Amino acid sequence: MKAITPTTTSDYIAGFPRPIQRILKQVRNTIRKAAPKARETISYRIPAFMQEGPVVYFAAFKRHLGFFPTSSGIRRFKKELSGYRGAKGSVQFPLDQPMPLKLIAEITRFRVKENLERAQAKKKQK
């Protein structure tokens, strides 16, 4: 049987049990507030927010929420993220712990600012 790929963030969230849906909705709303002009989409089969390029992605896994603010977001918040498992462009927030929503918002705002500055610099080069 082929897995159904969600076409919207709402579809993606609806595919999870209610307790996980609640967490995903909190994260989604936090990102929306931090990046109100970002376009919500599905990319790499997971929810993504785009504004002058990718801002952040997130996804639910068995035991954690994956948050993907690209490598620059991880580098900038290295200290704040040091208590979590992660990789070059991602961090894992355990589902059995409160989501660090303030940190997610800070990282998202940083990524929007970074993307807007990069887009502005490109326009100046032309």
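The values are calculated or read from the model by the stated rules, or taken from the named source; none is laboratory data. If you're wondering where the values come from, they're calculated on a predicted model, not measured in any experiment. Cβ atoms come from the backbone with ideal geometry, glycine included; neighbour counts cover every protein chain shown.
Can you name the condition, by its number, that E52 falls short on among (1) acidic (D, E); (2) in a loop (DSSP other than H, G, I, E, B); (3) under 22 Å from P6 (Cα atoms)?
(3)
Looking at region 48-64 only, could you name the residues that are surrounded by 21 or more Cβ atoms within 10 Å (Cβ to Cβ), among the hydrophobic types (A, V, I, L, M, F, W, C) and within 14 Å of Q92 (Cα to Cα)?
V56, F58, A60
Kindly indicate whether any position in region 38-47 is surrounded by fewer than 11 Cβ atoms within 10 Å (Cβ to Cβ), acidic (D, E) and closer than 18 Å to I23 by Cα.
No - not one qualifying residue is present in region 38-47.
Could you tell me whether region 94-108 includes any residue that is touching a Gly at 6+ places or on another chain (Cβ under 6 Å) and farther than 15 Å from L24 by Cα?
yes
Residues checked against (1) at pLDDT 95 or above; (2) out of contact with any Leu (no Cβ under 8 Å at 6 or more places or on another chain); (3) buried (at least 16 other Cβ atoms within 10 Å of the Cβ); (4) farther than 26 Å from R22 by Cβ:
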position	(1), (2), (3), (4)
F77	yes, no, yes, no
G86	no, yes, yes, no
S90	yes, yes, yes, no
P98	yes, yes, no, no
T108	yes, yes, yes, no
